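Peer 1: Got a structure here, written out as structure tokens. Questions coming.
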Protein chains: 2
Amino acid sequence: MAGQLSNTEAWSLLAGSVACLGVLQNTWKSNGEPIFASLALSGIAFAMSYSFIRWTGDAFMKAGRKGKDMSKKQQIEIPEMMGLVSALVYLLALITFLPFAFKIHIVEATSGGGNKDVVVDVTQVETGRFLHRFPLEKLASYGFAYGTLATITILGIIDDTFDIRWRHKFFIPAFASLPTLGLYFVDFGVTHVVVPMALRPYVGDLVDLGSLYYLYMSAISIFCPNSINILAGINGIEVGQSVIIAILILINDGLYLLPSTPYPHPATDSHLFSLYLLLPFLGVSLALLKHNWYPAKVFVGDTYCYFAGMVFAVVGILGHFSKTLLLLFIPQIFNFIYSAPQLFHIVPCPRHRLPRFNSRTGLLEPSVATFTDEKPLKPVVGEVLKVLHKLRLLRVETNEQGAVVSTTNFTILNLWLVWRGPKREDRLAMEILAMQFLVGLAGLWVRHRLALLVFSQDNRSSIV
Amino acid sequence: MAGQLSNTEAWSLLAGSVACLGVLQNTWKSNGEPIFASLALSGIAFAMSYSFIRWTGDAFMKAGRKGKDMSKKQQIEIPEMMGLVSALVYLLALITFLPFAFKIHIVEATSGGGNKDVVVDVTQVETGRFLHRFPLEKLASYGFAYGTLATITILGIIDDTFDIRWRHKFFIPAFASLPTLGLYFVDFGVTHVVVPMALRPYVGDLVDLGSLYYLYMSAISIFCPNSINILAGINGIEVGQSVIIAILILINDGLYLLPSTPYPHPATDSHLFSLYLLLPFLGVSLALLKHNWYPAKVFVGDTYCYFAGMVFAVVGILGHFSKTLLLLFIPQIFNFIYSAPQLFHIVPCPRHRLPRFNSRTGLLEPSVATFTDEKPLKPVVGEVLKVLHKLRLLRVETNEQGAVVSTTNFTILNLWLVWRGPKREDRLAMEILAMQFLVGLAGLWVRHRLALLVFSQDNRSSIV
């Protein structure tokens, strides 16, 4: 990577940006159709991320943010932590979108946006309190969402800079989620959940979870960023899965915004909010994916993984669809549970668990943890591993005495390689992403078709 | 610095924190007296910053964040960029304060805070939109202020990490100010200013500055962080001036919140907002000052300077007293204008302009820029410098031909040393800070006594 855009790239990005600016100007004139404005801004965000990732790569290397790609024949150094560029462009896009999101209300109610005819007397000028019709509850959500995402970016940088222990860094996202939880506390404060039909005779229609509900939301915001950070290690997988999850959430949003959906629907605003947050996220992520896809020219860093996961957590929490969100994280949930025996050191865990690169074939193979006398395996754990081996959930090797001497590492990437044999890096990434997409679609189907059997209403098309 | 708290420190901090927690719990029970909660939280923020600065110093050194103090006999390396700790603790404190700030409204209006008797039907649970009495306009300001301060922290880290040119970094704060300006645009949108009496016959009572007003606010948020970043270079001066400015703004806030001020006053909320933002800022800054004061054990980094300046800009803009704010920045404005000839390379500018340490006397002396044949001085500029020398605004040296061969560097610190002779580092810092305080008090006096001559009303005690 020369640090420069090629001519073709430069002209395409420029042309695309100009087109997007045109759209943006039009939406502004025509009283703001925020969805088109959001799309246009996302296009510009793509172009900006794309260019800045290219231009600033050398600066990252110079500042020591670089690493070697271990799954390549020639291990050259490439810039690390480049997700920071995407995160910054994203934050910028979010703020630039603000006036478009609230355009209608500004023109109606203030003298700042376009309508200069409103009579303003001195007291109002001094205090600025006369905008009763402004949809401020959305504005506050927007601000605190921004605050959460800016905070996770800081913490991501800190994580990429300092050598933090795994058991500490696991809780990093909890700090960043505080603005969102704080907002939820003072703004919504709703900690009731709807009870499944079968349980209603016993506990009633609604149960107030109280502070447990905050623990639940906190858990969501700890889980999402970390689960993306754990499903990592091959080119394109961190950004790729984030792009897939974003697309799946957008599909779900679309179900609420289709012309066929009754309007005004109580959840319309939540899903518009989600849309506005995710479109620019897609823009900056696709630009990063282009550079991080096999063979990677940049690494994304924990900064990106945390940032991406927190975008989803914020959207799910403030959009009130955190349970649906979890249905889109099934591969991540599986990977987390599957990893647990190594994360909690029940099974010895090597420093790196990414698939092993076989430089003879150029393919990735499952990496293994070997058990020696210094790092022994408890006999009972060995027996469990052998059962898992029979269930094709692992591949173990035993010595003549029948004792387990090694096992493939406990990650979904290694398991996939056990199932499907050695693969080239991009092929593996592609298959995992396809699986993520299909599982997510199935999750959405369950959510919207089967939920009616458990709850009395689906909040999309309620039958009261 | 051993990286540990002494026994005395540990026990004092612990005792103080426990006391503050007690106050905090009391204010929560008694329906929240936010000012006391803010004070208690600021105490806890002080203890947290103090401890974490001590504990994490070694980690900063290990991650390469370290520098040598050039104004000491023994130039040992100490951690750099430690203002990051203060900024993070501050952000945490700001969010923790959120429920206290809005406690009254939560209990009145939601089922989340304390009053579980409110009947909530299913639609409300699904949408969470029933809090009409909630003061959401304050909540949005709070969220965007948080967003701006988190963003400036990211940009500060980037500035401390990457080698950014001065003319680029000057505009860094503009990015961070966007959340605040965006909020201002959609939320207040007031771009009228009150016209001084003398001009009213010509332009009317109010002038709508339109987009110029946003340029003005943008200039404020670029100026405040940079001006603190420029008045730097000796132990304690960056944090010290920030503490003084914060205290001066608090004094100004106090004028609006005194029992003698008519209540409800239109500016009461703005100044409470300012108070809630500044008290924890004082807490984290004093903890940093203790470690950064002569002889410094840590450096604060551009991260702190940007962060501190942006706190003031946000408070001034959202509190609608940005003109008053500038009166408290007079030494910084002077320093900026005074520095301009070197910043814009009219006069050759050495890489470092901090005062020169005389290791024989242990005192600081004005540092000089010398002019050689490679770095010549234009004759006409030389003549101007000689005039400034006569006015005691510089000290120049001339050769036999009367040509200027060197001048003291153009910073207020060097000028002070020209005026008052060589000083020990802490003595110089102390005198500059005392000057800042006195000039600021005079500024406030002008603001509240003399403003009535120019405008028809002081917004504190209006005579309509």
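Peer 1: Scan segment B:143-151 and give yes if some residue there is more than 18 Å from the chain's Cα centre (by Cα), under 24 Å from B:I95 (Cα atoms) and of a type outside the set (S, T, N, Q), otherwise no. Explain how you work it out, then say what you get.
Peer 2: Kept after step one, since they are more than 18 Å from the chain's Cα centre (by Cα), are these residues of segment B:143-151: B:143.
Checking the rest, the ones that are also under 24 Å from B:I95 (Cα atoms) come to B:143.
Filter once more, keeping what is of a type outside the set (S, T, N, Q): B:143.
Checked segment B:143-151: at least one residue is more than 18 Å from the chain's Cα centre (by Cα), under 24 Å from B:I95 (Cα atoms) and of a type outside the set (S, T, N, Q).
Peer 1: Additional query: A:F334 versus (1) closer than 19 Å to A:Y146 by Cα; (2) not assigned by TED's automatic domain parsing to the domain that holds A:M430: which is the lone unmet condition?
Peer 2: Against the list (1) closer than 19 Å to A:Y146 by Cα; (2) not assigned by TED's automatic domain parsing to the domain that holds A:M430, A:F334 comes up short only on (1).
Peer 1: Same structure again: Which count do you get for residues in segment B:7-24 that are open to solvent by 40 Å² or more (accessible area, probe 1.4 Å) and either within 12 Å of B:L41 (Cβ to Cβ) or over 30 Å from the mean Cα position of the chain (by Cα) (or both)?
Peer 2: Qualifying residue count for the region: 5.
Peer 1: Name the one entry in A:S30, A:S71 that is modelled with pLDDT under 90, open to solvent by 10 Å² or more (accessible area, probe 1.4 Å) and more than 14 Å from chain B (Cβ to nearest Cβ).
Peer 2: A:S30
Peer 1: If you scan segment A:169-181, which residues turn out to be open to solvent by less than 10 Å² (accessible area, probe 1.4 Å) and either within 11 Å of chain B (Cβ to nearest Cβ) or basic (K, R) (or both)? Walk me through it before giving the result.
Peer 2: Just the residues of segment A:169-181 that are open to solvent by less than 10 Å² (accessible area, probe 1.4 Å), to begin with: A:173, A:176-177, A:179-180.
A:A176, A:S177, A:P179, A:T180, listed by residue number.
Peer 1: Assuming A:G382 fulfils every condition listed in (1) surrounded by fewer than 19 Cβ atoms within 10 Å (Cβ to Cβ); (2) in contact with a strand residue (DSSP E or B) (Cβ under 9 Å, 6 or more places away or on another chain); (3) free of Cβ contacts under 8 Å to residues at least 24 places away in the same chain apart from one, which condition is it?
Peer 2: All conditions pass for A:G382, except number (1).
Peer 1: Further question on the same structure: Evaluate the following for A:A296: is it open to solvent by 10 Å² or more (accessible area, probe 1.4 Å), closer than 22 Å to A:P173 by Cβ and modelled with pLDDT of 90 or more? It would help to see each step written out before you state the result.
Peer 2: Working: open to solvent by 10 Å² or more (accessible area, probe 1.4 Å): yes; closer than 22 Å to A:P173 by Cβ: no; modelled with pLDDT of 90 or more: yes.
Judged against the criteria, A:A296 is not a match.
Peer 1: Restricting attention to segment A:266-273, does a residue exist that is among the small types (G, A, S), in the same structural domain as A:S227 (by TED's automatic domain parsing) and either at pLDDT 95 or above or under 30 Å from A:T370 (Cβ atoms) (or both)?
Peer 2: Filtering segment A:266-273 for residues among the small types (G, A, S) gives A:267, A:270.
Among the residues that remain, those that are also in the same structural domain as A:S227 (by TED's automatic domain parsing) are: A:267, A:270.
Now drop any that are not either at pLDDT 95 or above or under 30 Å from A:T370 (Cβ atoms) (or both), which leaves none.
No, every residue in segment A:266-273 fails to be among the small types (G, A, S), in the same structural domain as A:S227 (by TED's automatic domain parsing) and either at pLDDT 95 or above or under 30 Å from A:T370 (Cβ atoms) (or both).
Peer 1: Tell me the helices (runs of 4 or more DSSP H) entirely within segment A:284-385 that contain at least 2 residues that are over 14 Å from the mean Cα position of the chain (by Cα) and closer than 21 Å to A:E431 by Cα. Give the derivation first.
Peer 2: Numbers: elements: A:301-318, A:322-327, A:330-343.
Helices (runs of 4 or more DSSP H) meeting the threshold: A:330-343.
Peer 1: Tell me yes or no: at least one residue of segment B:183-194 is surrounded by fewer than 20 Cβ atoms within 10 Å (Cβ to Cβ) and of a type in the set (S, T, Y).
Peer 2: no
Peer 1: Is there a residue in segment B:421-429 that is within 26 Å of the chain's Cα centre (by Cα), modelled with pLDDT of 90 or more, open to solvent by 50 Å² or more (accessible area, probe 1.4 Å) and within 20 Å of B:M70 (Cβ to Cβ)?
Peer 2: Within segment B:421-429 (the criterion being within 26 Å of the chain's Cα centre (by Cα), modelled with pLDDT of 90 or more, open to solvent by 50 Å² or more (accessible area, probe 1.4 Å) and within 20 Å of B:M70 (Cβ to Cβ)), the answer is yes, since at least one residue qualifies.
Peer 1: Can you confirm whether segment A:347-357 contains a residue that is more than 22 Å from A:N335 (Cα to Cα) and either of a type in the set (S, T, Y) or open to solvent by 100 Å² or more (accessible area, probe 1.4 Å) (or both)?
Peer 2: In the first step, residues of segment A:347-357 are kept if they are more than 22 Å from A:N335 (Cα to Cα); the result is none.
Within segment A:347-357, none of the residues are more than 22 Å from A:N335 (Cα to Cα) and either of a type in the set (S, T, Y) or open to solvent by 100 Å² or more (accessible area, probe 1.4 Å) (or both).
Peer 1: Quick check on this structure: which one of B:S6, B:S71 is in contact (Cβ under 8 Å) with a residue 60 or more places away in the chain, among the polar types (S, T, N, Q) and over 24 Å from B:A93 (Cα atoms)?
Peer 2: Values: B:S6 fails: in contact (Cβ under 8 Å) with a residue 60 or more places away in the chain.
Every option except B:S71 fails the conditions.
Residue-wise test of (1) among the aliphatic types (A, V, I, L, M); (2) part of a loop (DSSP other than H, G, I, E, B); (3) within 30 Å of A:K138 (Cβ to Cβ).
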{"residue": "A:W11", "(1), (2), (3)": "no, no, no"}
{"residue": "A:L14", "(1), (2), (3)": "yes, no, no"}
{"residue": "A:S17", "(1), (2), (3)": "no, no, yes"}
{"residue": "A:L21", "(1), (2), (3)": "yes, no, yes"}
{"residue": "A:I35", "(1), (2), (3)": "yes, no, yes"}
{"residue": "A:F46", "(1), (2), (3)": "no, no, yes"}
{"residue": "A:I53", "(1), (2), (3)": "yes, no, no"}
{"residue": "A:K72", "(1), (2), (3)": "no, yes, no"}
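Peer 1: Separate question: Output the residue which, of all residues in segment B:195-217 that are within 13 Å of chain A (Cβ to nearest Cβ) and of a type in the set (S, T, Y), is surrounded by the fewest Cβ atoms within 10 Å (Cβ to Cβ). Can you show your working first?
Peer 2: Quick first cut of segment B:195-217, residues within 13 Å of chain A (Cβ to nearest Cβ) only: B:195, B:200, B:204-214, B:217.
Remaining after also requiring of a type in the set (S, T, Y): B:211, B:213-214.
On the way: B:S211: 10, B:Y213: 19, B:Y214: 17.
In this case the residue turns out to be B:S211.
Peer 1: If we keep just the residues of segment A:262-283 that are part of a loop (DSSP other than H, G, I, E, B) and touching a helix residue (DSSP H, G or I) at 6+ places or on another chain (Cβ under 7 Å), which is most open to solvent (accessible area, probe 1.4 Å)? Break it down stepwise before answering.
Peer 2: Of segment A:262-283, the ones part of a loop (DSSP other than H, G, I, E, B) are A:262-267.
Add one more test, that the residue is touching a helix residue (DSSP H, G or I) at 6+ places or on another chain (Cβ under 7 Å), and what stays is A:265-267.
Numbers: A:H265: 20, A:P266: 64, A:A267: 14 Å².
In this case the residue turns out to be A:P266.
Each row is one residue, and each column tells you yes or no for (1) more than 10 Å from every other protein chain (Cβ to nearest Cβ); (2) modelled with pLDDT of 85 or more; (3) closer than 29 Å to A:A47 by Cα; (4) crowded, with 21+ Cβ neighbours inside 10 Å.
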residue: A:L94; (1), (2), (3), (4): no, yes, yes, yes
residue: A:K103; (1), (2), (3), (4): no, no, yes, yes
residue: A:D117; (1), (2), (3), (4): yes, no, no, no
residue: A:Q124; (1), (2), (3), (4): no, no, no, no
residue: A:F130; (1), (2), (3), (4): no, no, no, no
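Peer 1: Is it true that some residue in segment B:142-156 is surrounded by 23 or more Cβ atoms within 10 Å (Cβ to Cβ), more than 25 Å from A:V85 (Cα to Cα) and within 9 Å of chain A (Cβ to nearest Cβ)?
Peer 2: yes
The values are calculated or read from the model by the stated rules, or taken from the named source; none is laboratory data. Predicted model only: the values in this text are computed from it and were never measured. Note that each Cβ is placed from the backbone with ideal geometry, even for glycine, and that neighbours are counted across all protein chains shown. The accessibility values were calculated without ligands, DNA or RNA, using every heavy atom of the protein model including side chains. Shrake-Rupley method; radii C 1.70, N 1.55, O 1.52, S 1.80 Å.
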